[in-house]
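Asks: Quick one: the structure is below, and I'll ask about it shortly.
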Amino acid sequence: MGRIKITLSGALAKIAGEKTVDVEASTLKEAISALTARYGEQFKNRIYDEKDKLRRFVNIYVNGKDIRFLDQLDTQLNDEDKVSIIPAVGGG
């Protein structure tokens, strides 16, 4: 289990009241669980849909790599990894 630095953007940063947070986790799923436990149901609903699946418009990167090309939520994390969670912005 490592100490992970997570950068939050957009509405997630607003809900959390901060843009960066450190958590202890060995997988991305554990890291997100730590965030949802800390920031509550509103935060969780921005990440997961009603079936507890990652929302399509939430982009997550581990050390700059899109998790869609890694092991998704099962991506292993190591000490000092950097995770960015970026909700897509809609409109037009």
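FYI, it's all coordinate maths here, none of it is from the lab. Please read all numbers here as calculations on a predicted model, not as lab measurements. Note: ideal-geometry Cβ built from the backbone for every residue, glycine included; neighbour counts use all protein chains shown.
Asks: Taking 21 Å as the cut-off for C-alpha to C-alpha distance, list the pairs among Lys51/Lys82; Lys19/Lys51; Lys14/Lys51; Lys19/Lys82 that go past it. Kindly include the intermediate steps, with their values, before the conclusion.
Replies: Values: Lys51/Lys82 27 Å; Lys19/Lys51 27 Å; Lys14/Lys51 24 Å; Lys19/Lys82 13 Å.
Among Lys51/Lys82; Lys19/Lys51; Lys14/Lys51; Lys19/Lys82, the Cα-Cα distance tops 21 Å for Lys51/Lys82; Lys19/Lys51; Lys14/Lys51.
Asks: Please list, ordered by chain and number, the residues whose modelled amide H lies under 5 Å from the amide H of Asn63; skip anything fewer than 5 residues away on the same chain.
Replies: Lys82, Val83, Ser84
Asks: With a Cα-only, solvent-free Debye model of the chain, what are the log10 I(q)/I(0) values at q = 0.15, 0.18 Å⁻¹?
Replies: Debye intensities relative to I(0), on a log10 scale: -0.50, -0.74.
Asks: Tell me which residues come under 5 Å, amide H to amide H, from Val58 once H is placed; ignore anything under 5 positions away on its chain.
Replies: Ala88
Asks: Cut-off 10 angstrom, C-alpha nodes, Gaussian network model of the chain. Which of Lys65, Lys51, Lys82 fluctuates the most?
Replies: Lys51
Asks: What is the magnitude of the charge dipole of the chain about its Cα centre, with +1 placed on the Cβ of each Lys and Arg, -1 on the Cβ of each Asp and Glu, and no other charges, expressed in debye to the nearest 20?
Replies: Numbers: 15 positive and 14 negative charges, 76 e Å.
Charge dipole of the chain: 360 debye, to the nearest 20.
Asks: Taking Lys53 as the anchor, which aspartates and glutamates have their alpha carbon closer than 15 Å to its alpha carbon, excluding any fewer than eight residues away along the same chain?
Replies: Glu30, Glu41, Asp71, Asp74
Asks: Quick one: angle between helix 28-39 and the longest Cα principal axis of the chain, in degrees between 0 and 90, rounded to 10, please.
Replies: The two axes meet at around 60 degrees.
Asks: Taking the dipole about the Cα centre of the chain, with the C-beta of Lys and Arg at +1 and of Asp and Glu at -1, give me whichever of Val23, Met1, Val83 is farthest to the positive side.
Replies: Toward the positive end, the furthest listed residue is Val83.
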